[in-house]
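Heads up: the structure comes next, in structure tokens.
Each reported figure results from applying straightforward, stated rules to the coordinates on display, with no laboratory input. Source: prediction; values computed, not measured. Note: ideal-geometry Cβ built from the backbone for every residue, glycine included; neighbour counts use all protein chains shown.
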Amino acid sequence: MTVPGYRDMPADTWDPSAPADPAEAEEFLRLCYTEQPRLGPVEPRLAAVRAQIAATGTYTHTSEELTWGAKVAWRNASRCIGRLYWRSLTVLDRRKARTADEIFSLLVRHLDVAGGGSALRPVISVFAPAVPGRPYARVWNEQLIRYAGYRTEAGIVGDPRYVSFTDAMHAMGWRGRGGPFDVLPVVVETPDEAPRLFELPEQAVLEVPIAHPELSWFERLGLRWHAVPAISNMRLRVGGVDYPLAPFNGWYMGTEIGARNLADPDRYNLLPIVASGLGLDTSHEATLWRDRALVELNRAVLWSFERAGVKITDHHTESSRFLAHMRNEEKAGRPVPADWTWIVPPMSGGATPVFHRYYHEADQRPNFYLDSEAASLARGTGVCPVLESAPLVPVA
Ligand code: ARG
């Protein structure tokens, strides 16, 4: 089966010059007004939207439509195991913001609403929609908070995933401290301004130092992670209208940090270091030293977040909540699109209930999409006007 966005099949490519699709608008509005009867009859609204699309190529969502659209985009996010809470999303309507300064200060506000006081809440900030054929504002970063990666003679320091992005930041004048957990600047690009770099204020970035409940040496590894995962380069598509800048966050499931960010060989690659701290026999795979190190690293992550009073969830709890979400949705007569390869946690898969079944595979809208241009900007390999216009060697 080939479903866009699942496994090898890319999601449909976005054409920023195409007008809003009236059929997609109608499908969205009917669903929106059916699921929320308090909004009244949909027919007059449909007529107004059809006329607006015919006249301008697009239409403007009411704030109720936008709020509901963002929540349902989360409900339809087939790779997300945390969808039980989709109704609780706080939607910040930022469609009026235009300048890079305004946008950046609202990104800082976003982090404050999401994590101020450490009781994390799911938030999305929706900035101006793309107008067909016109340039739009965007953020280059993959997430609002991420750590730099530096190439050094002794190897990579920091997050290897962001080495090229960090190089691009250097080329644009940023100077990192060269540490393993330096928060990257945020790049805001607007139609009227060249890409601009902004440094997040310290109080906007909640971080958790990682220690272990029993192993005292663990703390000396000097590990930490940021509390809020805030994806900033996915496009929100609601009823045929695209919002290229709509950063959103939830809270972490421990394995994202302990079994991927800190453990993957092409990320912080800490399993050999943790194994050596544990004194494990790493001479052959069958000692399962990797698995044993993984368990202790993940216990450390969960324990440290709990100790700091920062919301986090474990993969067993979240798996059974996801199945509860599926039951709720099925009761409401709605299929739950899900991608097994993303839903099953990256450790102890078979010990969680989400492993032992198949899922409905579909691209349901509203939804979030990652465009290839946005993905390459976030990796520091995209089109960079500043780098392109800068001569590599001084011209005599
Ligand atoms: N896996 C990503 C990370 O480690 C975050 C993706 C979103 N996760 C979430 N819990 N909302 O940073």
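Fewest to most neighbouring Cβ within 10 Å: what's the order for 322, 198?
In order of increasing Cβ crowding within 10 Å: 198, 322.
Which aspartates and glutamates, if any, have their Cα less than 20 Å from the Cα of residue 96, not counting same-chain residues under 8 positions apart?
Within the straight-line limit of under 20 Å, residue 96 reaches these aspartates and glutamates: 64, 65, 112, 189, 192, 193, 242.
Using the Karplus curve 6.51 cos²θ - 1.76 cosθ + 1.60 with θ = phi - 60°, work out ³J(HN,Hα) for each residue of segment 347-357 in order, rounded to whole Hz, and write x for Gly and Pro.
Whole-Hz 3J(HN,Hα) from phi for segment 347-357: 9, 6, x, x, 8, 10, x, 5, 5, 8, 6.
Which whole-number percent of Cα pairs in segment 235-386 have a distance greater than 29 Å?
Within segment 235-386, distances greater than 29 Å cover 35 percent of Cα pairs.
Please name whichever of 342, 108, 262 sits farthest to the positive end of the charge dipole of the chain, dipole taken about the Cα centre and charges placed at Cβ: Lys and Arg +1, Asp and Glu -1.
Of the candidates, 108 comes out farthest on the positive side.
Just flag the GluC sites (Glu not before Pro) in segment 56-158 sitting in loop per DSSP whose Cβ has no more than 11 other Cβ atoms within 10 Å.
Answer in residue order: 153.
Provide 71, 311 in ascending order of the number of other Cβ atoms located within 10 Å of each residue's Cβ, fewest first.
Ascending number of Cβ neighbours within 10 Å: 311, 71.
Write down the Kirkwood hydrodynamic radius of the chain, to one decimal in angstroms, obtained as one divided by the mean of 1/r over all alpha carbon pairs.
Radius from the Kirkwood sum: 22.7 Å.
How much of the pair distance distribution for segment 284-357 lies past 16 Å, counting alpha-carbon pairs only, in percent?
61 percent
Run the reach check for residue 311 against lysines, Cα to Cα strictly under 24 Å, same-chain hits fewer than 8 apart removed. What comes back?
In chain and number order, the partners are 71.
Please list the equivalent ellipsoid semi-axes of segment 100-219, computed as the square roots of five times the alpha-carbon gyration tensor eigenvalues, in descending order and whole angstrom.
Result for segment 100-219: semi-axes of 29, 21, 11 Å.
Percentage of Cα-Cα pair distances in segment 203-242 greater than 17 Å, rounded to whole percent?
In whole percent, the share of Cα-Cα pairs in segment 203-242 beyond 17 Å is 56.
Using a Förster radius of 35 Å, what is the FRET efficiency between residue 177 and residue 316 based on their Cβ-Cβ separation? Nearest 0.05, please.
Here the calculated transfer efficiency is 0.40.
Hey, what do the phi angles of segment 128-141 turn into as Karplus ³J(HN,Hα) couplings, whole Hz, using 6.51/-1.76/1.60 and θ = phi - 60°, x for Gly and Pro?
4, x, 6, 9, x, x, 10, x, 9, 7, 8, 10, 6, 4
Amide H neighbours of residue 200 under 5 Å, at least 5 residues apart or on other chains, H built in the peptide plane: list them.
186
Against the longest alpha carbon principal axis of the chain, how many degrees, from 0 to 90 and to the nearest 10, is the axis of helix 22-35 turned?
Taking Cα atoms only, the helix is inclined about 80 degrees.
Mind giving me the nanometre distance, one decimal, between the label points for residue 106 and residue 170, set 7 Å out from Cα along Cα→Cβ?
Inter-label distance under the simple model: 3.4 nm.
Taking Cα atoms, how many degrees apart are the long axis of helix 63-75 and the longest axis of the chain, rounded to 10 and kept between 0 and 90?
40 degrees
About the Cα centre, and with charges only on the beta carbon of Lys, Arg (+1) and Asp, Glu (-1), how big is the dipole of segment 159-210? Nearest 20 debye, please.
Dipole size: approximately 180 debye.
With label points built 7 Å along Cα→Cβ from the Cα atoms of residue 362 and residue 36, find their separation and express it in nm.
For the pair residue 362/residue 36, the computed spacing is 2.2 nm.
Quick check: Cα centre of segment 231-303 to Cα centre of segment 323-348, how many Å?
21 Å
Can you give the angle from 0 to 90° between the axis of helix 43-56 and the longest principal axis of the chain, with both taken from C-alpha atoms, to the nearest 10?
Roughly 80 degrees, rounded to the nearest 10.
Got a sec? How would 164, 319 order by Cβ neighbour count within 10 Å, fewest to most?
164, 319
Provide, as a two-decimal number, the C-alpha radius of gyration of segment 207-271 over 2.2 N^0.38 Å, N being how many residues it has.
Compactness ratio reported: 1.52.
Let me see the P(r) profile for segment 1-107: every Cα-Cα distance counted, bins of 10 Å, each bin given as a percent of all pairs.
All Cα pairs, binned at 10 Å, distribute as 12, 31, 39, 18, 0 percent.
Whole-Hz ³J(HN,Hα) for each residue in segment 237-249, computed from phi via Karplus 6.51 cos²θ - 1.76 cosθ + 1.60 with θ = phi - 60°, x for glycine and proline: what do you get?
Along segment 237-249, the couplings run 10, 10, x, x, 9, 9, 10, x, 10, 8, x, 9, 9 Hz.
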